[in-house]
Amino acid sequence: MKAAPFEYERAESVEHACELLERHGFDAKLLAGGQSLVPMMAMRLARPAVLVDINRLQELKAIEDRGDAIAMGAGARQQAVKDDDALAARVPLLRHALHWVGHVQTRNRGTVGGSLVHADPSAELPLSAQVLEAEIVLRSARGTRTLTAREFFVGIMQTATEPDECAVEIRWPVWAGGGVGAAFEETSMRHGDFAIVAAAAQLQIDADGRCTRAAFGVAGVDGTPLAFPDIARELVGSRPGPAEFEAVADQLSRRIEPGDDLHASAAYRRHLAKVLTARVLAAARERSGAVRQQ
């Protein structure tokens, strides 16, 4: 199929993009990498009357280290983020998650902000944002506001973004100090497909092998990606190993309520969530250096 007819506007700045969104409202869609929107338009699952192209806005591609957070323009290319060694050292989960996002060809065009706004509940970057408690900055002609990932994702492919708002920045928290390890794994029909279930974890382990900070979550089991900070806190202060990881993964699996579809049953998704969570926690601990320290 081909896309339904639409008008095309190229934004010359973020302010211009916001003006166009204010003018066209629900009829407009922003076009950045286009790796999600264009296929949906081709299948006529999305029929915007106006496309507002923000692809060339360099101000949306900057990445800045602000000490306690990495401020990333929403238009940053996924492959560029994956290849950034300095960024991987500061927010290690991102590189591990991006390994599973599509293929190099789609990551070369796809943007980090585009993936977050698309809000597929099985996608890797929304899960990473939820687990790390990232913040998303939205701008409109009315002003700017900042939402946590928990506030931002509201349903299946639904966010709290208003029709006249543009996501302009994502703030990824940096865990100060050493001993930070991260891991991401998923099960899918083929590599590059959206996950049946995905799991992500980031741990900080001190020189004595004790966990000082923990975060983990799963995707593909609910209308939004899920993080479990209350369960994660149970690891803090312990010297976690297989038994502890199995225990918190079991808690997580009993908390979720996945559904059935043609790809997997609810029972299988629950099983995958438990297995993958224990696996990423163990991998994150190993990457923190804790195994070598002991």
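The values are calculated or read from the model by the stated rules, or taken from the named source; none is laboratory data. Quick caveat, the model's predicted, so the values are computed rather than measured. Methodologically, a virtual Cβ is constructed for each residue, glycine included, from the backbone with ideal geometry; neighbour enumeration extends over all protein chains shown.
For segment 232-245, the count of residues that are buried (at least 20 other Cβ atoms within 10 Å of the Cβ), at pLDDT 95 or above, hydrophobic (A, V, I, L, M, F, W, C) and not in a helix (DSSP H, G or I) is zero.
The set of residues in segment 115-129 that are in contact with a strand residue (DSSP E or B) (Cβ under 8 Å, 6 or more places away or on another chain) and either small (Gly, Ala, Ser) or under 15 Å from Gln158 (Cα atoms) (or both) comprises Leu116, Val117, Ala119, Pro121, Ser122, Ala123, Pro126, Leu127, Ser128, Ala129. Scanning segment 1-53 for residues that are aromatic (Phe, Trp, Tyr) and under 25 Å from the mean Cα position of the chain (by Cα) yields a single hit, Phe26. Take Arg279 and decide whether it is under 24 Å from Arg95 (Cα atoms), in contact (Cβ under 8 Å) with a residue 60 or more places away in the chain, among the basic types (Lys, Arg) and in a helix (DSSP H, G or I). Yes; evaluated as a whole, the condition is true for this residue.
Given the criterion surrounded by fewer than 24 Cβ atoms within 10 Å (Cβ to Cβ), within 29 Å of Asp27 (Cβ to Cβ) and of a type outside the set (S, T, N, Q), identify the matching residue among Ala167, Ala141. Result of the check over Ala167, Ala141: Ala141. Considering each residue of segment 252-275 in turn, none proves to be in a loop (DSSP other than H, G, I, E, B) and more than 21 Å from Pro121 (Cα to Cα). Remark: pairs (first residue in segment 169-184, over 11 Å from Ser128 (Cβ atoms) and of a type in the set (Lys, Arg); second residue at pLDDT 95 or above and part of a strand (DSSP E or B); Cβ separation under 6 Å; 6+ apart in sequence or on different chains) = Arg171/Ala69; Arg171/Ala71; Arg171/Glu135. Which numbered condition in (1) outside any loop (DSSP other than H, G, I, E, B); (2) under 13 Å from Val117 (Cβ atoms) is the only one that Gly33 fails? That leaves (1) as the condition not met.
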